[in-house]
Amino acid sequence: MAFMKKYLLPILGIFLAYYYYSANEEFRPEMLRGKRVIVTGASKGIGREMAYHLARMGAHVVVTARSEEALKKVVSSCLELGASSAHYVAGTMENMTFAEQFVAKAGKLMGGLDMLILNHITNTPLTLICNDAHLVRRTMEVNFLSYVVMSMAALPMLKQSNGSIVVVSSIAGKVASPLVAAYSASKFALDGFFSSVRVEYSVAKVNVSITVCILGLIDTDTAMTVVDGVFNAKASPKEECALEIIKGGALRQNEVYYDSSALTPLLLGNPGRKIMEFFLLQKYNMERFINH
Ligand code: NAP
Ligand code: 4JX
């Protein structure tokens, strides 16, 4: 009890105060004006809505996905909406060489990079796990490994601009989720990788923010088709969801929660994890790995 009073309560207070004040910073759409932004998985759904918001805010955008025809339409709508510039590069994120070269191409098209929004996923059915290890491999490669490859390729440009990496994840990347085991694994992997890298950047004073976005069910055409008759709950609107992701990235927040239930950020915020991360970091001799 005395331990709780002396240590745990003050630490909890500090964390709560930190979150209260960091959440109160104001977002202004002008923050994105003239910024150079990549959006993956932008031929439809949340990715396309993010491209449209960014266009209205006057950003430069490069979008990617596999369907060239859909991307052409997204680019022309972005130009109509007010984008400073808009380009597309079509290709599949199953191919890591494409993922790497895409970032370089996008950087050339925009003359640098301020924000990398990683959003694409491979097609995901709702199904019990079976002996299809190929689906698990493809899911890990497209949903996780290509994100790693792209963030590595983008890092030199992001360091130069003090930019941001935004990773679109899911409640399925925080809690057990039946019928989407491989998808859930890929989203947990994103949390593990990008949360660890965030700590490294903060110790090494790399001024590149990493925002992981934890989304509940969103009303995209894909999601509504896949969950039809299997999962009955309210889906949140993709337009607002897209805006919340951009806001979180622009404000350099560590995490964004967007769900129909206001309880979700409270239940998944996990102060215990943050406290453990803080204390464990004190035990590492990170100095050995930092170039001065
Ligand atoms: P969506 O509408 O199905 O869009 C997926 C995008 O990824 C499309 O642009 C698709 O375009 C692209 N894509 C698919 N396979 C690809 C591949 N092999 N290589 C490159 N691009 C590929 O998805 P969404 O519902 O908007 O979801 C977007 C993000 O939000 C995902 O990260 C998802 O996990 C997350 N999320 C969604 C929900 C939800 O309920 N919708 C909930 C939580 C989290 P092409 O087919 O043209 O390639
Ligand atoms: C069913 C359900 C219920 C997700 C987050 C989620 C994705 C998955 C599975 C959606 C797009 C899709 C196909 C809840 N959540 C979710 N799903 N919370 O990330 N779902 C479906 C639906 C990939 O492509 C509460």
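Quick note: the coordinates plus some simple rules give every number you see, no bench work behind them. Keep in mind that what you see is a predicted model, and the values were worked out from it rather than measured. Note that each Cβ is placed from the backbone with ideal geometry, even for glycine, and that neighbours are counted across all protein chains shown.
What the Cβ-Cβ distance of residue 280 and residue 204 gives, at R0 = 22 Å and to the nearest 0.05, is a FRET efficiency of 0.80. Extent along the principal axes, Cα only, for region 103-150: 46, 16, 13 Å, with the longest axis given first. Helix content alone sets the calculated 222 nm mean residue ellipticity of the chain: runs of n ≥ 4 DSSP H residues at -39500 (n - 2.57) each, divided across all residues, give -15500 deg cm²/dmol.
With the biggest extent put first, the Cα atoms of the chain measure 65, 49, 35 Å across the principal axes. For residue 255, the residues whose modelled amide H falls within less than 5 Å of its own, excluding neighbours fewer than 5 places apart on the same chain, are 212.
If you keep only loop residues by DSSP, which GluC sites (Glu not before Pro) in region 66-114 have at most 15 other Cβ atoms within 10 Å of their Cβ? Before the final figure, lay out the partial values.
Numbers: sites: 68, 69, 80, 94, 100; in loops: 94.
Here the GluC sites (Glu not before Pro) that fit, given the DSSP loop and packing criteria, are 94.
Would you mind checking which residues have amide H under 5 Å from residue 218's amide H? H placed 1.01 Å from N; only 5 or more apart, or other chain. For residue 218, whose amide H was placed from the backbone, the distant partners under 5 Å are 236.
What net charge do the residues around residue 99 carry, taking every other residue with its C-beta under 15 Å from that of residue 99, with Lys and Arg at +1 and Asp and Glu at -1? Present the calculation step by step, with values, prior to reporting the outcome.
Details: positive: 66, 105, 138; negative: 94, 100, 141.
Charge balance near residue 99 sits at 0.
Going from the fewest other Cβ atoms within 10 Å to the most, the residues 109, 128 appear in the order 128, 109.
Determine the sum of side-chain charges near residue 234: Lys and Arg each +1, Asp and Glu each -1, restricted to other residues whose C-beta is under 11 angstrom from that of residue 234. All intermediate terms of the calculation are to be shown ahead of the outcome.
Values: positive: none; negative: 219, 259.
Residues close to residue 234 contribute a combined charge of -2.
Please identify the trypsin sites (Lys or Arg not before Pro) of region 233-292 that satisfy two criteria: DSSP loop assignment and at most 11 other Cβ atoms within 10 Å. Which are they? Mind dumping the intermediate values first?
Numbers: sites: 234, 238, 247, 252, 273, 274, 283, 288; in loops: 234, 252.
Those that pass, being in a loop and sparsely packed, are 234.
What whole-number value in cubic angstrom gives the convex hull volume per residue for the C-alpha atoms of region 222-292? Can you show the working numbers first?
On the way: hull volume 12.4 nm³, N = 71.
Value for region 222-292: 175 Å³ per residue.
Here the Karplus curve 6.51 cos²θ - 1.76 cosθ + 1.60, taken at θ = phi - 60°, turns the phi angles of region 68-76 into couplings of 4, 4, 5, 5, 4, 5, 4, 4, 5 Hz, with x standing for Gly and Pro. Peptide packing for 176-186, 49-59, 30-40 was compared via the average number of neighbouring C-beta atoms within 10 Å per residue; ordered from the highest value, the list is 49-59, 30-40, 176-186.
Each residue of region 34-51 was assigned a 3J(HN,Hα) from its phi angle through the Karplus curve 6.51 cos²θ - 1.76 cosθ + 1.60 (θ = phi - 60°); the sequence is x, 6, 9, 10, 9, 10, 8, x, 9, 7, 6, x, 5, x, 5, 5, 5, 4 Hz, with glycine and proline shown as x. Please find the FRET efficiency linking residue 219 to residue 160, where r is the Cβ-Cβ separation and R0 is fixed at 35 Å, and quote it to the nearest 0.05. Taking R0 as 35 Å, the efficiency between residue 219 and residue 160 is 0.40.
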